[in-house]
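Taking it in order: structure first as structure tokens, then the write-up.
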Amino acid sequence: IANLPLEMRIADAASFALVFYENPDVFITIAAGNEASNNDETLISPNYLSRFFPNVITVASLSEQGKISAFSNYGNRSVQIAALGENIVAPILNNMEAPKSGTSMAAPLVAGVAAGIRRDFPALSARDIRRLIESTATIDPALAKFVTTSGKIDPEAARKTAESWSGDNLAMLVEETRIAKKPGQDGPS
């Protein structure tokens, strides 16, 4: 009985992991969650699984001022990017609209950018799209402790980079990541 909560978490994560694994060329966007907690520590599934799957990205919410939303979950290992998620005009009942806030308002922005890139550049894999979205993020040092990229999505930069994306881009990103790796925080160098 003592292990039941852990076993339930593992079973929950396994079902998502299987879907992500079986669909490697499907780009999956996940909302980080709205509990103002660190997904690196809470390991709520599926929010942290983007750490392990290159076709999955987790999105935190930003305020209109570009600050992490007070409600947004975060994690500099398990949440890759941030996007506007407050006061987003969204449909509600009977063809009406109202402003809504949440990471589930931020994630569709990233999904929309990815879908547009996939439509216009079908040769790019889901892994490539995640890499180019991450590599073109607008860096904000204030976001460093909240998201892996230390930045927010930049749709124009992502689209522009998609136009010239190649295997050389990947080699460049791997080298930049190796150089930026911090012993201790990112494991041994």
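The values are calculated or read from the model by the stated rules, or taken from the named source; none is laboratory data. These figures come from a predicted structure and were not determined experimentally. Please note: Cβ atoms are built from the backbone with ideal geometry, for glycine as well, and neighbour counts cover all protein chains shown. The area values use the complete protein model at the heavy-atom level, side chains included, leaving out ligands, DNA and RNA. Shrake-Rupley method; radii C 1.70, N 1.55, O 1.52, S 1.80 Å.
The stretch between GLU156 and LYS67 holds 30.0 nm of extra length on full extension. This uses 0.36 nm per residue minus the Cα-Cα distance. Calculated accessible area for region 59-154 comes out at 48 Å² per residue, all protein chains present (probe 1.4 Å; ligands, DNA, RNA ignored).
If R0 is taken as 30 Å, the Cβ-Cβ distance between ARG119 and LEU93 corresponds to a FRET efficiency of 0.50.
Modelled spin labels at GLU41 and ILE139, positioned 7 Å past Cα toward Cβ, are 2.7 nm from each other.
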